[in-house]
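Okay, so here's the structure we're looking at.
The values are calculated or read from the model by the stated rules, or taken from the named source; none is laboratory data. These figures come from a predicted structure and were not determined experimentally. Here the Cβ is made from the backbone with ideal geometry for all residues, glycine too, and neighbour counts use every protein chain on show. For accessibility, only protein heavy atoms count, side chains too; no ligands or nucleic acids. Shrake-Rupley method; radii C 1.70, N 1.55, O 1.52, S 1.80 Å.
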Amino acid sequence: MHHHHREIPESELNSSFKELGPIPLIGSIIAAVIGFGLILLAGPVESSDGNQQFLYSWLVNFSFFLSIAVGSLFFVLFQHITRAGWGVVIRRFAEFLSMGMIPLFLLSLPIVLSIAFDSHLLYSWNDANEVASSELLQKKVGFLNPTFFIARWAIYFTVWIAIAKFFFNRSILQDQTKDKSLTLLFEARSAPAIIAFALTVTFASIDWMMTLDYAWFSTIFGVYFFSGSMVAFFAVAIICSYSMQVKGLLKNAITIEHYHDMAKLLYGFICFWAYIAFSQYMLIWYANIPEETEWYQIRQDGEIWTVISYYVLVFGHFIIPFLLLMPRTLRRNKVWMTGGAIWMLVMHWIDLFWLIMPQLHHEGYMPGLMDLGCFLAVGGVFFAGVTYFASGRALLAKGDPRLSESLAFENH
């Protein structure tokens with residue numbers, strides 16, 4: 001890495017989110033309205049128990065947008081803890097997206113309320129009859145009970161929102177004050193924050209996704225979710241950067257060098273995801289314990305699950321992007337990388353669909369109107385919230401003392 005001094009026009013330094021106009025907010029609200037309309041339309045149509053299908057479809061899409069916010073929060077913390085300079089020009093995107101934790105708190109309510117109102121449509125461990133008949137579940141009831149589940153949910157969102165707001169508000173403040181001591185504060189606070197982040201993300205993914213099958217467990221499930229979240233964040237960061245530049249914003253600030261670094265990190269986390277996915281599978285296959293293998297058994301039976309397990313995820317989520325992102329020239333091509341980022345988001349959604357939906361449909365299930373409705377509703381509310389927090393804010397962390405290092409960043 002090498003850097004020298006580089007200036008950008010004053011107007012670009014002061015560019016703000018409001019220059020995008022009202023389209024992001026209006027578009028998000030329209031998507032949410034269409035989404036809720038589709039949910040109402042699909043509710044009674046798609047299954048005899050529309051509520052159960054709704055909860056599963058909602059959980060898939062809630063987990064998808066949560067993973068983007070989780071990845072963004074980690075990027076902010078990791079930039080500060082490593083005192084990284086290169087990423088300052090894209091850090092504001094991550095700060096905006098991490099504030100999506102606030103709308104996600106509201107979006108998690110259908111899941112939490114289903115538990116609070118004694119529903120076992122999503123989690124069978126919340127059924128008194130199931131507890132009475134299962135010796136295994138009786139031993140887990142100290143952890144898997146509605147009161148403790150709801151308490152943990154409250155802790156997760158308290159921690160995430162507190163961390164996101166702390167870094168967002170002070171970063172915005174630094175735009176005006178240029179106070180270098182704030183950067184030292186970010187560095188000091190990012191260390192304890194990253195520990196709280198790791199614990200809450202791990203337990204949240206266990207609570208919301210792994211306990212759909214209360215008998216199954218995997219000690220690296222949290223890391224699996226985290227690896228997918230980082231793939232999602234870097235894909236979104238590339239798409240945001242490109243979209244801004246198409247609109248004529250940040251054209252000088254974000255260079256091909258930054259795209260190259262985002263592409264390398266995307267590539268790295270694609271490999272990390274594959275490593276964790278293989279490790280989890282290989283250990284369970286090797287140990288061959290019935291209560292562990294049953295989870296994979298469902299995903300190897302049923303036509304659609306077999307196709308996703310063996311072909312879509314292995315090739316689409318790993319081998320194809322692994323080969324296509326390998327050449328340096330392709331990683332330095334904005335249009336190519338934006339296409340690749342969209343592809344990876346689709347694969348990441350299918351990965352979450354594959355983690356969650358087979359618990360409801362053992363035989364197989366194709367996404368339908370309900371899934372599209374939940375995607376638009378959750379995504380619309382998420383982006384409307386992010387847009388609200390971003391409105392009027394600068395697109396660059398222009399008070400950061402490392403901005404000049406980021407502007408001049410070059411790969412060698």
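Figures for the structure shown
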quantity	calculated
Any chance Ile90 is under 30 Å from Glu405 (Cβ atoms), among the aliphatic types (A, V, I, L, M) and open to solvent by 30 Å² or more (accessible area, probe 1.4 Å)	no
Val131 open to solvent by less than 60 Å² (accessible area, probe 1.4 Å), among the aliphatic types (A, V, I, L, M) and modelled with pLDDT under 95	yes
Residue match in the stretch 330-346 (condition: over 24 Å from Gly100 (Cα atoms) and either open to solvent by less than 10 Å² (accessible area, probe 1.4 Å) or touching a strand residue (DSSP E or B) at 6+ places or on another chain (Cβ under 9 Å) (or both))	yes
Residue ID - most open to solvent (accessible area, probe 1.4 Å), chosen from residues in the stretch 356-412 that are aromatic (Phe, Trp, Tyr) and within 19 Å of Ile111 (Cα to Cα)	Phe375
Unique match (being open to solvent by 70 Å² or more (accessible area, probe 1.4 Å), of a type outside the set (Phe, Trp, Tyr) and modelled with pLDDT of 95 or more) among Leu104, Leu184, Leu97	Leu184
Test: residue in the stretch 91-102 that is out of contact with any Ser or Thr (no Cβ under 9 Å at 6 or more places or on another chain) and over 26 Å from Ile172 (Cβ atoms)	no
Residue, most open to solvent (accessible area, probe 1.4 Å), within the stretch 202-231, restricted to residues that are within 16 Å of Leu59 (Cβ to Cβ) and in contact with a Gly (Cβ under 7 Å, 6 or more places away or on another chain)	Ile206
Some residue of the stretch 347-355 being over 20 Å from Met209 (Cβ atoms) and either modelled with pLDDT under 95 or of a type outside the set (A, V, I, L, M, F, W, C) (or both)	no
Qualifying residue in the stretch 53-63 (condition: at pLDDT below 95 and part of a loop (DSSP other than H, G, I, E, B))	no
One residue from Phe269, Phe225, Phe203, Phe234 being part of a helix (DSSP H, G or I) and in contact with a Lys or Arg (Cβ under 7 Å, 6 or more places away or on another chain)	Phe203
Long-range neighbours under 6 Å by Cβ, at least six apart or interchain, first residue closer than 18 Å to Arg152 by Cβ within the stretch 116-136, second open to solvent by 90 Å² or more (accessible area, probe 1.4 Å) and polar (S, T, N, Q)	none
Near pairs, Cβ below 9 angstrom, 6+ apart or cross-chain, from the stretch 274-302 (open to solvent by 70 Å² or more (accessible area, probe 1.4 Å)) to any residue that is acidic (Asp, Glu) and part of a loop (DSSP other than H, G, I, E, B)	Glu294/Asp213; Asp301/Glu363
Pairs where the first residue, in the stretch 157-172, is under 10 Å from Met99 (Cα atoms) and the second is among the acidic types (Asp, Glu) and in a helix (DSSP H, G or I), C-beta under 6 Å, 6+ apart	Phe168/Glu95
Met344 being on the phi < 0 side of the Ramachandran plot and touching a Pro at 6+ places or on another chain (Cβ under 8 Å)	yes
Residues that are closer than 13 Å to Ser72 by Cα and open to solvent by 10 Å² or more (accessible area, probe 1.4 Å), drawn from the stretch 237-264	Cys240
Unique match (being over 23 Å from Tyr267 (Cβ atoms) and aliphatic (A, V, I, L, M)) among Ile206, Ile220	Ile206
Near pairs, Cβ below 7 angstrom, 6+ apart or cross-chain, from the stretch 192-213 (closer than 28 Å to Asp127 by Cβ) to any residue that is part of a helix (DSSP H, G or I) and among the basic types (Lys, Arg)	Phe203/Arg152; Asp207/Arg152
